[in-house]
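S.K.: Structure provided below as structure tokens; questions to follow.
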Amino acid sequence: MLDFTRDRLQELSKYGSLSPVLVDTETIGREDWEELQRNLEATIPVYDKVNRVATFGQVSRWRRMVRERLPSEGRILEVGCGPGSFAEDVEGYSLVCLDPIPEMLKVAEERVNSKRRQRGYTAAEFVLGKAEDLPFEDSSFDAVCTLFSFRDWFDKRAGISEVLRVLKPGGIFIIVDPAKVNRFHGFLGWLWMRTYVSLYARLLYGTKGHPWKWLTKTYVSFGTTKDYVRMIREQGFSEVEGKVVFPGMATIWQGKK
Ligand SMILES: C[S@@+](CC[C@H](N)C(=O)[O-])C[C@H]1O[C@@H](n2cnc3c(N)ncnc32)[C@H](O)[C@@H]1O
């Protein structure tokens with residue numbers, strides 16, 4: 001597990017001043033992505049708490065919306081499962097969860113599989129990997145979903161192409177992430193992250209150098225709902241749609257192979 005001391009967090013906070021040019025709507029530079037991953041790992045102990053407060057509890061509703069869009073049965077992949085916040089409530093299915101952070105997978109596996117055992121479902125599979133290079137056979141999933149992870153992918157076009165490859169014909173891809181409407185809306189989102197969310201995270205961590213400060217960068221650089229409708233279509237999906245569920249906090253995109 002990451003060294004989570006006050007000194008380490010203060011050290012991480014220095015990276016808040018890295019050039020935003022390294023993160024844009026499509027890509028994240030290698031060093032920035034690795035730093036982002038270290039900060040994401042540091043969120044594990046308080047991840048769900050901060051998310052609930054940051055979204056006024058709405059995050060559970062958005063997760064439910066994704067579950068309702070899944071096919072009634074089959075093999076499902078969640079890309080960027082984090083600590084299992086979405087996967088723990090996916091009932092049934094043959095479930096596979098992928099993440100590039102081993103500690104995320106460890107926390108998620110304990111959490112998700114203990115719930116699945118209690119409910120009488122087969123254990124989910126936890127796989128180390130990245131969206132941009134999915135370690136799965138072609139046409140092997142009925143649906144792929146990714147919640148609050150797509151904006152962290154370092155090459156979003158490559159990730160979408162990989163999802164298309166591993167989906168069965170007719171399979172669906174669902175993304176949830178906070179897109180913005182325009183630049184002004186982006187500014188308001190930045191303000192939101194730097195004030196309300198930042199203050200809460202600072203109180204929880206007891207230091208200015210908390211990881212959410214760094215996470216604001218991917219939030220600010222993320223594009224609009226339309227940007228990703230276009231991108232998903234251009235990567236080969238059909239019936240692509242993007243619906244703003246809560247402006248600046250959640251857009252849900254869907255495409256079909
Ligand atoms: C904010 S967490 C989201 C957790 C969970 N899906 C949820 O619903 O809250 C984002 C996750 O995306 C993962 N991630 C970042 N870059 C990724 C990539 N290129 N491919 C796959 N997952 C990635 C991170 O490791 C992190 O665990």
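S.K.: Could you tell me which of the residues LEU147, LEU215, LEU191, LEU164 is over 19 Å from the mean Cα position of the chain (by Cα) and of a type outside the set (Asp, Glu)?
M.R.: LEU191
Matching residues to (1) surrounded by 14 or more Cβ atoms within 10 Å (Cβ to Cβ); (2) over 17 Å from ALA124 (Cβ atoms); (3) charged (D, E, K, R); (4) within 11 Å of the ligand (Cβ to nearest atom):
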residue	(1), (2), (3), (4)
LEU36	yes, yes, no, yes
ASP48	yes, yes, yes, yes
ARG61	no, yes, yes, no
GLU73	no, no, yes, no
ILE76	yes, no, no, no
GLY80	yes, no, no, yes
MET104	yes, no, no, yes
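S.K.: Can you tell which of ILE232, ILE175 is hydrophobic (A, V, I, L, M, F, W, C), buried (at least 21 other Cβ atoms within 10 Å of the Cβ) and farther than 20 Å from ARG67 by Cα?
M.R.: After ruling out the rest, the residue left standing is ILE232.
S.K.: Select from segment 123-134 the residues that are without any contact (Cβ under 8 Å) to a residue 40 or more places away in the chain, part of a loop (DSSP other than H, G, I, E, B) and either within 9 Å of the ligand (Cβ to nearest atom) or crowded, with 23+ Cβ neighbours inside 10 Å (or both) and list them in ascending order.
M.R.: Selection gives ALA124, GLY129, GLU132.
S.K.: I'd like to verify a number: residues in segment 215-249 that are of a type in the set (A, V, I, L, M) and either modelled with pLDDT under 95 or not in a helix (DSSP H, G or I) (or both), how many?
M.R.: Residues meeting the conditions: 6.
The values are calculated or read from the model by the stated rules, or taken from the named source; none is laboratory data. Everything quoted here is computed from the prediction, not taken from an experiment. Cβ sites come from the backbone with ideal geometry, for glycine too, and all protein chains shown count toward neighbours.
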